[in-house]
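Participant: Got a structure for you, questions after.
Values quoted throughout were computed directly from the atomic coordinates according to the rules given, and no laboratory measurement underlies them. Here the structure is a predicted model, which is why all the values come from computation and not from measurement. Methodologically, a virtual Cβ is constructed for each residue, glycine included, from the backbone with ideal geometry; neighbour enumeration extends over all protein chains shown.
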Amino acid sequence: MLEINTVENVQQTSVYGQIEALGHEQLVMCYDAPTGLKAIIGIHNTTLGPALGGTRMWPYASEEEAITDVLRLSRGMTFKAAISGLNLGGGKAVIIGNPAQKNEAFLRRFGRFVESLSGRYITAEDVNMKTSDMEYIAMETRHVTGLPETEGVVETLLQ
């Protein structure tokens with residue numbers, strides 16, 4: 001079992017070493033040349049239910065930095081769900097890039113990426129993502145929350 005205070009040391013190992021050391025189930029990457037989408041989804045744990053975690057869009061300095069962030073954040077989401085007594089696991093998504101590059105096609109492509117995981121991951125808002133972005137993502141997957149109240153909530157997804 002990895003101690004919380006040693007997470008920073010994990011960055012020194014290979015990607016597979018990081019996945020193993022932090023106890024992740026899955027790390028998935030998506031690259032879409034037509035839209036410019038570069039996204040990574042980390043699923044830490046689905047023991048209690050599908051992995052829930054927001055999508056963060058950030059101009060990471062490197063792919064390695066983005067991978068380290070998604071692994072660290074998805075692991076934290078597992079702890080948040082468990083301590084909150086939710087029947088959910090922990091996951092997180094990061095999109096590499098400048099938030100100014102977002103448009104409908106870009107976000108809908110990300111929605112198809114989320115959909116490709118068949119409900120193992122549910123996305124939501126995080127840094128540089130807005131409710132309107134979630135609406136575009138929801139056009140391609142029902143595995144999204146952070147929508148306007150009239151659009152749906154996580155409880156609907158878990159039925």
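Participant: Per DSSP H run of at least 4 residues, take -39500 (n - 2.57); add these up for the chain, divide by its residues and hand me the 222 nm value, nearest 500 deg cm²/dmol. Before the final figure, lay out the partial values.
Facilitator: Numbers: 6 runs with 57 residues, N = 159.
After summing the helix terms and dividing by residue count, I get -10500 deg cm²/dmol.
Participant: Step by step: find N for the chain, compute 2.2 N^0.38 Å, then divide the Cα radius of gyration by it. What's the final number? Before the final figure, lay out the partial values.
Facilitator: Values: Rg = 14.9 Å, N = 159, 2.2 N^0.38 = 15.1 Å.
Ratio of Rg to 2.2 N^0.38 Å for the chain: 0.99.
Participant: Tell me, rounded to the nearest percent, the portion of alpha carbon pairs in the range 44-120 spaced more than 22 Å apart.
Facilitator: Details: 840 of 2926 pairs.
Cα-Cα pairs of the range 44-120 separated by over 22 Å account for 29 percent.
Participant: Please tell me the relative contact order of the chain in percent, rounded to the nearest whole number, where contacts are Cα pairs under 8 Å and at least six residues apart.
Facilitator: 22
Participant: Ok, one more. Work out which GluC sites (Glu not before Pro) in the chain are exposed loop sites (DSSP not H, G, I, E or B, at most 13 other Cβ within 10 Å) and give the longest gap free of them. Let's see the in-between values first.
Facilitator: Values: sites that count: E3, E149.
That would be 4-148.
Participant: Using a Förster distance of 35 Å, how high is the FRET efficiency between S62 and N87, based on the Cβ-Cβ distance and rounded to 0.05? Walk me through the numbers on the way to the answer.
Facilitator: Working: r = 36 Å, r/R0 = 1.02.
That pair, S62 with N87, gives E of 0.50.
Participant: Could you work out the longest stretch of the chain that avoids the trypsin sites (Lys or Arg not before Pro) located in DSSP loops with at most 14 other Cβ atoms within 10 Å? Let's see the in-between values first.
Facilitator: Working: sites that count: K130, R142.
No qualifying site falls inside 1-129, the longest such stretch.
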